[in-house]
Amino acid sequence: MNLSKKLHQWQEAQLIDSATADKIHAFEKEESKPIALWAFGSLGAIAIVLGIISVIASNWVQTPDWVKLLADLVLCLITGLTLYRVISKGHSSQTNQWFREILVVFYYGFTLASMALIGQTYQLGGSIAKLLLVWTLATLPVVLLGRGKFLTVLWVISTSATYAFNLEALYDFIESFIDSTLWVDVIFASLYVLSPLFFILLSRINWLVKNRPTMADTISRYSWFSLTLAGWLSQYLWYVPFTLSAGETSSVQKFLAICLFATASIIIFIPKLYKERPKGTHLAMRIVLAVIFLICSTAMWHIHSNPSIGALTNITYMFVLAWAALKIHSIKLFNLMTALICLRLLIVYFEVFGSMLETGIGLVGGGVVTLLVVWGWFKKADVLAQYFGLSKTHTPEGEA
């Protein structure tokens, strides 16, 4: 339902007068950002960068080195000066913010292309890991000039790739300090698995929270999304045999000990990391993080496949997420979880009675179960939400 229609309903119900409605409409119009405009503008900037790279690549042999480098330098200077001019204007109109964001996205991608061009021209060599690391560190001040979610998502993806590539390079560095190959492998695996926790810590830097709240919130959300997705995917560990040798068991134990320490540390410091969030949100974060560690770690200790246990842990996990959605007052997340629970129960039915799917009885039974699950969801979801003090009109108070 759009804002104008909602304001009209409030006026008819005599909740607000026409003057208040006009003020609300003017405020929302000023504050609102057309998502499509910002997203497609950023995609356009990325497309230009890729187009420049394609032009250079297709004419690499024919184009003299000095022409390529000069064109790169001129374009870099033009972009930098334009960005400086836009920032120096100081006003925060939608057009200014949009143009500023597009320039930052373009400059961010163009810097990587320029570094690759210089390295290729002078045959500097080096690995992709080093290139991405230098690029990520060098462009950090430029990224911090931006404000939008698209730029933050792009930065998170790029930084995650940089992190993954440099972990490979870090393996040899760790091995030079630790003689035990077992411990090197354990530390290496831990750095991979615990990467979402590192991004959570990154998103809670005080300067970032105060001066770039959108970026901090977006990094935090995607970090928690990665954690919850890992918890959801852990069910599939139960679908395959998981036999460990004596050496592998020792490695897994050390790996889980490191993960337990890191997870427990985050759980303890959640109130300090998320000072602006209410206690209910802190409790939800702590419970969800503890449950994720519990179900992921227990799924690594079995010999034969146990799909039924995987399904049971997954349904229980989604119940925990639904409860967490109630604690953070997110009706959308609560409805999503209840829908996924219903869908998972239906999948369990098909897994148990899969041989009957070829018969009409199986199809009829599946249809009946589907209708009952959907009816139960629509019948009880709102009642349960209202019981916990949550209604459809609530605005999300805080989400990870």
Subject >> Mean Cβ count within 10 Å, highest first, over the residues of peptides 255-263, 176-184 >> reply: 255-263, 176-184
Original post:
How high is the FRET efficiency between Phe319 and Leu260 when r is their beta carbon distance and R₀ equals 25 Å, given to the nearest 0.05?
Top reply: 0.60
Subject >> Long-range Cα-Cα pairs in segment 225-326 (distance over 17 Å), rounded percent >> reply: 57
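Provide the net charge surrounding Glu175, with neighbours chosen by a C-beta distance below 14 Å and charges set as Lys +1, Arg +1, Asp -1, Glu -1. It would help to have the intermediate numbers written out before the result.
On the way: positive: none; negative: Glu168, Asp172, Asp179, Asp185.
The answer is -4.
Computed from the coordinates by the stated procedures, all read-outs in this text should not be read as laboratory data. Since the structure is predicted, the reported quantities are computational estimates derived from the model, not experimental observations. Here Cβ is always computed from backbone atoms with ideal geometry, including for glycine, and neighbour counts include all displayed protein chains.
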